[in-house]
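FYI, it's all coordinate maths here, none of it is from the lab. Worth saying up front: this structure is predicted, and the values here are computed from it rather than measured.
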Amino acid sequence: MVKNNIATLQKEFSHPGVRLVPPENLHLTVAFLGEREEPEIPLLIAAARKLPLPAPFSVQAEGVGSFGRSPRVIWVGANGEPLTGLLSLFHQAFTPAEKPPQSHITIGRVQMETGVLLDMLNANNSVKFGEVPVNSVFLKKSFLGGGPPRYETVGEVPLAGT
């Protein structure tokens, strides 16, 4: 249901200057680990499995925003406990020197300002998209060049009790 609701919103942002994330690639980001070498991936997964992860939960996907002074990434927000605690846990474990991440679902990447983009963001800043179940944390690899953004799962860490 959430992906369908977001796909409906994406139609509003359909423009040659915006590369939309295909609905099958939509996912909730809890941490961005940046560029990592292939041999690091099993170590990251092993370290994540040792963290005191919460039990599965659901979080409300709501509001539309962007990253960057001139919008570069369009996202749907997701906040609240225990997601905030999970974000903090991953941030402290893997990226403590960086700015804390904001949980989000990337829906598109802006390649050129469309002129009406900010109005569209403001018009959708309180839309509710539904509940997102969180049962596992997936380590994703991003492919951002040429065509729509793609993401590949390279590892999974189930939450406590799953």
Pairwise Lys count, the chain - Cα closer than 19 Å, eight or more residues apart or different chains
5
If you bin the C-alpha pair distances of region 2-158 every 5 Å from 0, what whole percents do you get?
2, 8, 18, 21, 21, 15, 10, 4, 1, 0
What span do the alpha-carbon atoms of region 114-162 cover on each of the three principal axes, reported in whole Å from largest to smallest?
45, 31, 10
